[in-house]
Each structure stands twice: as structure tokens, then as C-alpha cells.
Amino acid sequence: MTRKKSEQYNLGKETELIEYKKTIGEKKEAVISACAMLNKQGQGMVYFGVKNDGTVIGHETGANTMRDVGRAITDHIKPVVYPKVETETYGNKEVIKVSFDGTRQPYLAYGKPYIRVSDEDKQMDQEMYDDLLRSRDNKNKAWRILGSASQGIAV
């Protein structure tokens, strides 16, 4: 984070793990970014009140703002992800920071799979989606086999 003249703060560039949004009016795009980061890295952060170049512009936080942001993610990403939603203060400006993680790839946002490529969100191709789904199914199958074996049940 750098501080410019006149007390402006800059959080740096967007990455495969960090996305900036000016306002919560961009919730849908933020949900897609979260999904893409989860599929690529298994974690990430979205900040509201920050320009794409990392400049902190601040965001007003109303009575339901934090809840609305959290709900957008829990309601529109499947399998469900429960984010941590908090505020951070830079000078006299408050931003909303949403952090999340998950290991149940592939994740879908609004019914579609996305993948993070540098600082962009791309719709995932079918082959990658199928590979991730098979991988998740194989992990679940391994746990079922281990559970059965520990109970003396042959599979």
C-alpha cells in the first residue's frame, strides 16, 4: 500500500487473488470474481470502495450493506461459500473487504463456472469444468472409502 500526496491511499494492482470494485452496485461482478478466484486459487479478496488502479475512494456502509454483500456471495456461488465481510479504514475513508476460501472446486456463479486469469474473470471451458468436477468427486469417493475401511466395511 502506498500513500500519495493529499492523503490518498493506493492498495496496489489487482491480481489473481485481489479484485477492486468502486461500489456495491458492482456486486454481481464481484460474485463472478470471487467464483473465478475460488476456482483458480481456492481463495481471494474483493474490496468495495477502491478503483481498479487500487486508489481508495471509500464506501459508505449503511445498516444492511455488509449483510447484502455477504448474501450476494452465499446466495449466488455454489457450492456455498461463507465469506468474511469487514471494513478497513485508510485515512478517513472506509472500504469493505470481503475474503473467502474454499476447496470444493468447481464453483459456479449464477449457474456458470469462471476462472481467474491474471486480473480478469473468464468463463471456464467445458473440459476444465469437467476435470475439476471429476477431481472433486474423486476426493469425495476417497473419503467414503476411508470411512468405510475404518469401520471394517469392504467397498
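Read the figures in this text as sums done on the coordinates, not as results from a lab. This is a predicted model, so every value here is computed, not measured. Reconstructed Cβ throughout: ideal geometry from the backbone, glycine too, with neighbour counts over all protein chains shown.
Couple of notes before you dig in:
- Taking the DSSP bridge list for region 1-115 and keeping only pairs wholly inside it, about 85 percent are antiparallel.
- Only alpha carbons enter this Debye calculation for region 80-137, each as an equal point scatterer, and the log10 of I(q)/I(0) it gives at q = 0.16, 0.19, 0.26 Å⁻¹ is -0.66, -0.82, -1.13.
- Note that region 19-32 has calculated 3J(HN,Hα) couplings of 10, 10, 10, 5, 9, 6, x, 9, 4, 4, 5, 5, 4, 5 Hz, one per residue in order, obtained from phi through the Karplus relation 6.51 cos²θ - 1.76 cosθ + 1.60 (θ = phi - 60°); glycine and proline are x.
- Stokes-Einstein D in µm²/s, Kirkwood radius over Cα pairs - the chain at 20 °C with 1.002 mPa s viscosity: 128 µm²/s
- Summing +1 for each Lys or Arg and -1 for each Asp or Glu among the other residues whose beta-carbon sits under 10 angstrom from that of Thr15 gives -2.
- Unsatisfied cross-links (Cα-Cα over 18 Å) in the set Lys51/Lys97; Lys21/Lys78; Lys27/Lys78; Lys28/Lys93: Lys21/Lys78; Lys28/Lys93
- In the elastic network of the chain, a GNM with C-alpha springs shorter than 10 Å, the most mobile of Lys112, Lys84, Lys139 is Lys139.
- Whole-Hz ³J(HN,Hα) from phi, Karplus 6.51 cos²θ - 1.76 cosθ + 1.60, for region 66-73, glycine and proline x: 4, 5, 4, 5, x, 5, 4, 6
- Here the Gaussian network model covers the chain, with springs between Cα atoms less than 10 Å apart; of Ala63, Ala34, Ala109, Ala63 fluctuates the most.
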